[in-house]
Amino acid sequence: MQTPGHESSLDLAPQSCQSCRSSKRKCDKALPRCSLCAKRNRSCKYWRPEPLSHSATALSPERGWYPSPLDEQADIQTIDVPTILFLDPALLQHSLLETSPTTGTTVPQDILELLGDLDGIQLTATRFFKHIHQWMPFISKKRFYDLYLQPSFRSRPDVALLLLALKLITTFPPAGSRSPRTALYNSAKHFYLKVEESFSILVLQAGVLVALYELGHGIYPAAFLSIGACARYAHALGINVSRTVPTRRVLTLVEVEERRRAWWAIVILDRFVSIGCPGRPFATADPKLDDYLPSDDAAWDQGTVKPDRFSTLSSPMTGHMSKFALLCQAARLLGQVLHHLSTDFTSEDDVWIQLDRTLQSMLAAALNIDCPDYDQITFVYSAIVALYTPWLSSGAVQEMDSHHSQRAKVILQQITERINANLIERQCFLGRDPEDMSPWGLYFAYRICGAHMRTSSKAPHDLEVVRRLREGFMDIDVRWNVAGVYLKLLEAQEAINLEV
């Protein structure tokens, strides 16, 4: 029988703990932690004999010492910078907390195998900057080649993610009816979730490329959700947020420009992803007139940014503006079109007229230059067609508003003639290398084909345009699977028209 207050031998360790033995203090051998260690709130480790079969390994000075159960549960949690930025950013100004790296993620072997050797990575980069970068230049070419192809950088998870996204966007989708949700796509999506805590603009850029892949291949609702996630990630990085939000300081104009271009890329995708279904809220705020547009594209590729060449949305459009800046202006107008269509658009005649005039002026300016940017032109075409889609596709709306309906028919004919003159005869849209093409023109081509299919008068000239556009869809399907999706939708429209 135990004496009251006396600890049972079952509750005592057979020997003193490591800490007491080292300091030559008397240990009460209490379990799970001796009184002295508990008082000083330090780790308490006891010697635990190992089985005889492991006696050789137990001779190591550190073998056999085991922490108490309380120590095993007391996992010390450090606080990372992103968490502090959201919970109490003022602490960062006083260096009161010890911060840990934002992520301990390493690059898995399967990702390294997907990326391949340096020659393969360089080939992927060359294809990206030759084809995609020409119409979506939001990654600094100079910084990419100077930094991210170095062996020390390729071991970083955020760099590996960006390289994987580059390979995804430059890889043609599977031929035939196979899904564009390939193993490479699934790997990129999965790895993104593991690396997103890196809190890096490279992760944001990779996310934009994944969203562009989904939009170009008709992967919904993933495209819509991914673009929203990119907008949130940009906000977390401090891009396009209030100046009162603490963010990491940006010390070079090239990095400032890269962040601005990443934001505009998100705005473009955010508007275009909803072009066929106005009414869904945007993930990004409407650009303001004093927002800066991207700077000169050629200087940007060389790694230089000139502050005196900056322009804002309120600046008049000129031929000296960068191609990307003009596309950003077109995206802003598309946003206004979608806002207009999501309201009671039949009663806002002044807004409709102003949007029509502005888009027509932008189209005329884009066409009447020596070297037209056909990706920007097709984007503007899609914005114009989106403005008139209710009167091109709905008989009920046509009967309710004959004025807008007549105007829509005029616009349809004008665009048809321009398609024949600019996109067919000059092979600006059809006949181009599919690898060079953006997906911007597919929407307007689909709507034009659908409108002509529903008209009672089938003029030979119009039928030829429709035939050539459908051939173009088949050619572009090699690059962007959404072209094949539009072909199937046109076939569905034909079946419906035959039944009516």
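Which residue pairs have Cβ atoms under 6 Å apart, sit 6 or more places apart or on different chains, and have a first residue in the stretch 361-377 that is in a loop (DSSP other than H, G, I, E, B) and a second that is open to solvent by 40 Å² or more (accessible area, probe 1.4 Å)?
If the second residue must be open to solvent by 40 Å² or more (accessible area, probe 1.4 Å), the pairs left are Ile369/Gly319; Asp373/Lys323.
For the stretch 434-447, give me each residue that is surrounded by 14 or more Cβ atoms within 10 Å (Cβ to Cβ) and part of a helix (DSSP H, G or I).
Hits for the stretch 434-447 are Pro434, Asp436, Gly441, Leu442, Tyr443, Phe444, Ala445, Tyr446, Arg447.
In the stretch 197-216, is there at least one residue being within 12 Å of the chain's Cα centre (by Cα), open to solvent by 10 Å² or more (accessible area, probe 1.4 Å) and under 28 Å from Phe310 (Cβ atoms)?
Scanning the stretch 197-216, I find at least one residue that is within 12 Å of the chain's Cα centre (by Cα), open to solvent by 10 Å² or more (accessible area, probe 1.4 Å) and under 28 Å from Phe310 (Cβ atoms), so the answer is yes.
Taking Leu147 as the residue in question, decide whether it is modelled with pLDDT under 95 and not polar (S, T, N, Q).
Here the answer is yes, as Leu147 does meet what is asked.
If you scan the stretch 288-341, which residues turn out to be of a type in the set (Asp, Glu), touching a residue at least 24 places away in the same chain (Cβ under 8 Å) and in a helix (DSSP H, G or I)?
Asp297, Asp301
Of the residues Tyr213, Tyr185, Tyr192, which is more than 23 Å from Val478 (Cβ to Cβ), in a helix (DSSP H, G or I) and either among the aromatic types (Phe, Trp, Tyr) or out of contact with any Pro (no Cβ under 9 Å at 6 or more places or on another chain) (or both)?
Tyr192
Given the options Leu85, Leu96, Leu112, name the one that is of a type outside the set (S, T, N, Q), open to solvent by 50 Å² or more (accessible area, probe 1.4 Å), in a helix (DSSP H, G or I) and modelled with pLDDT under 95.
Within the list Leu85, Leu96, Leu112, the selection yields Leu112.
Just name the residue that is modelled with the highest pLDDT out of those in the stretch 166-202 that are among the polar types (S, T, N, Q) and closer than 26 Å to Ile84 by Cα.
So, considering only residues that are among the polar types (S, T, N, Q) and closer than 26 Å to Ile84 by Cα, the one modelled with the highest pLDDT is Ser200.
Scanning for something farther than 27 Å from Arg407 by Cα, at pLDDT 85 or above and open to solvent by less than 10 Å² (accessible area, probe 1.4 Å), does the stretch 300-310 turn up at least one residue?
Looking through the stretch 300-310, at least one residue is farther than 27 Å from Arg407 by Cα, at pLDDT 85 or above and open to solvent by less than 10 Å² (accessible area, probe 1.4 Å).
Among the residues of the stretch 287-305, count how many are more than 17 Å from Pro137 (Cα to Cα) and in contact with a helix residue (DSSP H, G or I) (Cβ under 6 Å, 6 or more places away or on another chain).
Total satisfying the criteria: 1.
Among residues belonging to the stretch 226-243 that are assigned to a loop (DSSP other than H, G, I, E, B) and β-branched (Val, Ile, Thr), point out the one that is farthest from Trp263 (Cα to Cα).
My answer is Val241.
Could you tell me how many of the residues in the stretch 112-126 are touching a residue at least 60 places away in the same chain (Cβ under 8 Å) and within 19 Å of the chain's Cα centre (by Cα)?
0
Please name all residue pairs, on different chains or six or more residues apart, with Cβ atoms under 9 Å, provided the first residue is in the stretch 22-46 and is among the acidic types (Asp, Glu) and the second residue is at pLDDT below 85 and assigned to a strand (DSSP E or B).
What qualifies is Asp28/Leu12.
Identify the residue in the stretch 334-387 that is more than 21 Å from Asp436 (Cβ to Cβ) and of a type in the set (Phe, Trp, Tyr) and, among all such residues, is most open to solvent (accessible area, probe 1.4 Å).
If we take residues in the stretch 334-387 being more than 21 Å from Asp436 (Cβ to Cβ) and of a type in the set (Phe, Trp, Tyr), then Phe345 is most open to solvent (accessible area, probe 1.4 Å).
Assess whether Pro137 counts as being open to solvent by 20 Å² or more (accessible area, probe 1.4 Å) and out of contact with any Leu (no Cβ under 8 Å at 6 or more places or on another chain).
Answer is no for this residue.
Can you find a residue that is among the aliphatic types (A, V, I, L, M) and in contact with a Cys (Cβ under 8 Å, 6 or more places away or on another chain) anywhere in the stretch 434-456?
no
Which of the following residues is in contact with a Gly (Cβ under 9 Å, 6 or more places away or on another chain), in a helix (DSSP H, G or I) and open to solvent by less than 60 Å² (accessible area, probe 1.4 Å): Gly450, Gly484?
Result: Gly484 is the single residue among Gly450, Gly484 that is in contact with a Gly (Cβ under 9 Å, 6 or more places away or on another chain), in a helix (DSSP H, G or I) and open to solvent by less than 60 Å² (accessible area, probe 1.4 Å).
Write out, first by first residue and then by second, each pair whose Cβ atoms fall under 7 Å of each other, whose residues are 6+ apart or on separate chains, and whose first residue, in the stretch 456-479, is under 15 Å from Ile419 (Cβ atoms) while the second is at pLDDT below 80 and in a helix (DSSP H, G or I).
Asp462/Thr416; Val465/Thr416; Val465/Ile419; Val465/Asn420; Arg468/Ile424
Hey, could you check the stretch 151-183 for residues that are open to solvent by 20 Å² or more (accessible area, probe 1.4 Å) and either of a type in the set (S, T, N, Q) or under 16 Å from the mean Cα position of the chain (by Cα) (or both) and say which is nearest to Ala265 (Cα to Cα)?
This residue is Lys167.
Which condition does Asp375 not pass, out of (1) modelled with pLDDT of 90 or more; (2) in contact with a Ser or Thr (Cβ under 7 Å, 6 or more places away or on another chain), if it passes all the others?
Evaluating Asp375 over (1) modelled with pLDDT of 90 or more; (2) in contact with a Ser or Thr (Cβ under 7 Å, 6 or more places away or on another chain) leaves (1) as the failure.
The values are calculated or read from the model by the stated rules, or taken from the named source; none is laboratory data. If you're wondering where the values come from, they're calculated on a predicted model, not measured in any experiment. Don't worry about glycine lacking a Cβ; one is built from the backbone with ideal geometry, like all the others, and counts go over all protein chains shown. All accessible areas refer to the heavy atoms of the entire protein, side chains included, with ligands and DNA or RNA removed. Shrake-Rupley method; radii C 1.70, N 1.55, O 1.52, S 1.80 Å.
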